[in-house]
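The values are calculated or read from the model by the stated rules, or taken from the named source; none is laboratory data. Bear in mind the structure is a predicted one, so any value in this text is a computation, not a measurement. With ideal geometry, Cβ positions are generated from the backbone for all residues, glycine too; neighbour counts draw on all protein chains shown. To get the accessible areas, we keep the full protein, side chains included, count just its heavy atoms, and leave off ligands, DNA and RNA. Shrake-Rupley method; radii C 1.70, N 1.55, O 1.52, S 1.80 Å.
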Amino acid sequence: MKTSQKMQQTINDMVDDHRGILAADESAPTIKKRFDDINLESNEDNRRTYRTLLLETPGLGKFISGVILFEETLGQKNAAGTPLAEVAWSQKIVPGIKVDKGTEPLAGSPGDLVTKGLDGLSDRLKTYIDQGARFAKWREVYPITTTNPTRLGIHANAERLAHYAAICQEQGVVPIVEPEVLMDGEHDIDRCEEVTEQVLFAVFQALRQYGVTLEHMILKPNMVLPGKDCRTANPNEIAEATIRVFRRVVPAAVPSINFLSGGQSPEEATINLNAVNQIGGPWKLSISYGRALQQPVLVAWQGKPGNVVAAEIALLKRARLNSLARKGGYKSSMENE
Ligand code: 13P
């Protein structure tokens, strides 16, 4: 199959009107933090057990169309010896892989960060494809301060995202392009809107320069939100600002926009997705949530075999409510049903 046909097939398998992506690609330090919260040791077997639980949740494929895995998980098997990528696909959930290697300070630009991992990416992708991965994810982060992100920071991050996306598409792997403007700080929603617009503008300029086919990628952005330490904004303000930015800078050729949750609570992330979909746009507006899908699962599970069913129910509940929010049909009262 030609690489463009392969990517189109992956988009067809991942993008529809009711499902979203589960981000389960926490790096070793991040999953340790999540397990610390439930007093569970982060060893290879516990990570395998947990991620098997997520992927084996009966019926998950009704609401989830793709899962982002960490490199270690892609090489792991369930108790019956089936590779976890195959377990995902048995529920029609497309397996994908986080390929970036985390952030480092951007030299010459205090406060800005850039993401590592381009060296050797092309070779690594070949291994991931053999292991069943059909899409990839790369995240650049943008802290907001009075001076960040700088113009250099915005440019350097866009360049890396586009370079990564071009390498993926060369091998028929659909790139998830994730520029995350962070929620930390005291800035207001207007400042987040201004930065998000600049960031996305630069990202799409770089994607064009690198010849990335927009039809064969997925955008994973932040919503336009006030900083965590600022006053809150209501879901309508958030949705209006978010869609306003996208209309200005995200071409309609991009098939799907799948939000990160970025520190919103599970309920907030669903309410805001609902509000965004009530306005709508030419793109599908869905999720690629990590914390906002998994936090209730970890709380229910606590690392105990006896809690597996409760954990699965918690995952299905959030996945289903987000699926309703995709149609603008979610109500807070549904949380207690
Ligand atoms: P959150 O939804 O927890 O922000 O995670 C999504 C993700 O993949 C961040 O890179």
State whether one or more residues within region 239-257 are small (G, A, S), under 17 Å from the mean Cα position of the chain (by Cα) and more than 21 Å from P58 (Cβ to Cβ).
-> yes
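Among what's in region 100-110 and is free of Cβ contacts under 8 Å to residues at least 40 places away in the same chain and part of a loop (DSSP other than H, G, I, E, B), pick the residue that is farthest from Y164 (Cα to Cα).
Start the filter on region 100-110 by keeping residues that are free of Cβ contacts under 8 Å to residues at least 40 places away in the same chain, which leaves 101, 103-105, 107, 110.
With the extra rule that they be part of a loop (DSSP other than H, G, I, E, B), the set shrinks to 101, 107, 110.
Values: K101: 12, A107: 20, P110: 24 Å.
Residue satisfying both the conditions and the ranking: P110.
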Determine the pairs where a residue that is among the aliphatic types (A, V, I, L, M), located within region 136-158, has a partner that is modelled with pLDDT under 95 and surrounded by fewer than 22 Cβ atoms within 10 Å (Cβ to Cβ) with Cβ atoms under 8 Å apart, the partner being 6 or more residues away or on another chain.
-> L152/G108
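Are there any helices (runs of 4 or more DSSP H) wholly within region 26-99 with 2 or more residues that are closer than 23 Å to I167 by Cα and in contact (Cβ under 8 Å) with a residue 40 or more places away in the chain, and if so which?
71-74
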Name the pairs: first residue in region 160-182 and without any contact (Cβ under 8 Å) to a residue 60 or more places away in the chain, second residue acidic (D, E), Cβ to Cβ under 6 Å, at least 6 apart or on different chains?
-> L161/E140; P179/E140
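Does P235 count as more than 14 Å from A23 (Cα to Cα) and either within 14 Å of the ligand (Cβ to nearest atom) or touching a helix residue (DSSP H, G or I) at 6+ places or on another chain (Cβ under 6 Å) (or both)? Give the steps one after another, and end with the answer.
Working: more than 14 Å from A23 (Cα to Cα): yes; either within 14 Å of the ligand (Cβ to nearest atom) or touching a helix residue (DSSP H, G or I) at 6+ places or on another chain (Cβ under 6 Å) (or both): yes.
Yes: the conditions hold for P235.
Within region 1-47, which residues are polar (S, T, N, Q), more than 15 Å from R134 (Cα to Cα), away from the ligand (no atom under 16 Å from the Cβ) and open to solvent by less than 80 Å² (accessible area, probe 1.4 Å)?
To start, the set of residues in region 1-47 that are polar (S, T, N, Q) comprises 3-5, 8-10, 12, 27, 30, 39, 42-43, 46.
Now drop any that are not more than 15 Å from R134 (Cα to Cα), which leaves 27, 30, 39, 42-43, 46.
After this cut, where a residue has to be away from the ligand (no atom under 16 Å from the Cβ) as well, the list is 39, 42-43, 46.
Within region 1-47, S42, N43, N46 qualify.
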Taking the options E186, E180, name whichever one is open to solvent by 60 Å² or more (accessible area, probe 1.4 Å), within 23 Å of R291 (Cα to Cα) and either among the small types (G, A, S) or not in a helix (DSSP H, G or I) (or both).
-> E186
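When you scan region 191-203, do you find a residue that is closer than 27 Å to K228 by Cα, assigned to a helix (DSSP H, G or I) and touching a Cys at 6+ places or on another chain (Cβ under 8 Å), even just one? Steps first, please.
Here is the first cut: in region 191-203, the ones closer than 27 Å to K228 by Cα are 191-203.
From what's left, assigned to a helix (DSSP H, G or I): 191-203.
Filter once more, keeping what is touching a Cys at 6+ places or on another chain (Cβ under 8 Å): none.
Scanning region 191-203 turns up no residue that is closer than 27 Å to K228 by Cα, assigned to a helix (DSSP H, G or I) and touching a Cys at 6+ places or on another chain (Cβ under 8 Å).
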Could you grab me the full set of residues in region 154-169 that are surrounded by fewer than 24 Cβ atoms within 10 Å (Cβ to Cβ) and within 14 Å of E215 (Cα to Cα)?
-> A166, Q169
All positions within region 48-91 that are over 17 Å from the mean Cα position of the chain (by Cα), within 16 Å of the ligand (Cβ to nearest atom) and more than 13 Å from Q131 (Cβ to Cβ) | Y50
Among (1) away from the ligand (no atom under 16 Å from the Cβ); (2) not in a helix (DSSP H, G or I), L225 falls short only on (1)
Is it the case that some residue within region 120-132 is within 28 Å of I243 (Cα to Cα), part of a helix (DSSP H, G or I), more than 15 Å from the ligand (Cβ to nearest atom) and modelled with pLDDT of 95 or more?
-> no
Being aliphatic (A, V, I, L, M), under 22 Å from V309 (Cβ atoms) and surrounded by fewer than 23 Cβ atoms within 10 Å (Cβ to Cβ), is that true of even one residue in region 106-113?
-> no
